[in-house]
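For reference, the structure is listed below as structure tokens.
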Amino acid sequence: MSGLEHRYEVRSRQERYQGRIFDVVTDEVSMPGGGTALRDLVRHVGAVAVVALDDAGQVVLIRQYRHPIGRHLWELPAGLMDVSGEELPGAALRELAEEADLTAGRIDVLVDLHSSPGFTNEIVRVFLARDLADVPADERHERHDEEADLQVVRIDLDEAVAMVLAGEVTNAAAVAGLLAAARARDTGFTRLRRAEAPLPR
């Protein structure tokens, strides 16, 4: 195996669409052998997700309608990195409060994933939240649009893993987060990264 990798340089870029959450561009990229190829990609703001694990060993799952799929999916509390200046742990705690009415006394990094690197640079950081407590009723977030329809449940972590393996949980961040949480629990939570750990480059 050669120690040298081809450097894929962007020769030109054409903006196709600009939006609040993502942009679509076409890049002309240098290829091995001297040629170039066009690659369409979605540049995404990024996201966070949270495996909220309580003292009874249960995790929080939410069921939310996803229009591109055309149905409801089981997911983790999650959301976009669309608040200017917000750090990743703060975003995770905000989403946990908004979608599950919970706070967490401890938060660690479980796993990072590129959701679909064949066409998007979206990266999702999945956190593990513990020492959970309820947000006071008068301080809870008012949910709108698809979030107004959220179903929030708590189930045993092993049952959630069984749902993943049965194909009942297909959201990428939920699949990765639940499997990582089970592994973290089984190894005594000894290999978790600190909440402020840098994202992979």
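The values are calculated or read from the model by the stated rules, or taken from the named source; none is laboratory data. Just so we're clear, the structure is a prediction, and the values are computed from it rather than from any experiment. Counting neighbours? That spans all protein chains shown, and the Cβs are built from the backbone with ideal geometry, glycine included. Accessible surface is based on the protein model in full, side chains and every heavy atom, while ligands, DNA and RNA are left aside. Shrake-Rupley method; radii C 1.70, N 1.55, O 1.52, S 1.80 Å.
Taking 37 °C and 0.692 mPa s as conditions, the stretch 29-135 diffuses translationally at an estimated 212 µm²/s according to Stokes-Einstein applied to its Kirkwood radius (Cα pairs).
The candidates LEU4, LEU41, arranged from most to least accessible area with a 1.4 Å probe in the full protein assembly, appear as LEU4, LEU41.
For LEU88, the solvent-accessible surface with a 1.4 Å probe is about 30 Å², rounded to the nearest 10. With a cut-off of 13 Å between beta carbons, the residues surrounding PHE119 carry a summed charge of -1, where Lys and Arg count +1 and Asp and Glu -1. Sorted largest first, the spans of the alpha carbon positions of the chain along the three principal axes are 59, 41, 36 Å. Taking VAL161, VAL83, VAL42 as the candidate residues, the one with maximal mean-square fluctuation in a Gaussian network model of the chain, Cα springs under 10 Å, is VAL83. For the stretch 74-126, the solvent-accessible area works out to 39 Å² per residue, with a probe of 1.4 Å and every protein chain left in place. For the Cα atoms of the chain, what angle does the longest principal axis make with the long axis of helix 88-100, in degrees from 0 to 90, nearest 10? The angle comes out at about 50 degrees. Helices in the chain, meaning DSSP H runs of at least 4 residues, each add -39500 (n - 2.57). Divided by all residues, the mean residue ellipticity at 222 nm is -6000 deg cm²/dmol. Net charge in the neighbourhood of VAL24 (other residues with Cβ under 14 Å of its Cβ; Lys, Arg +1, Asp, Glu -1) is 0.
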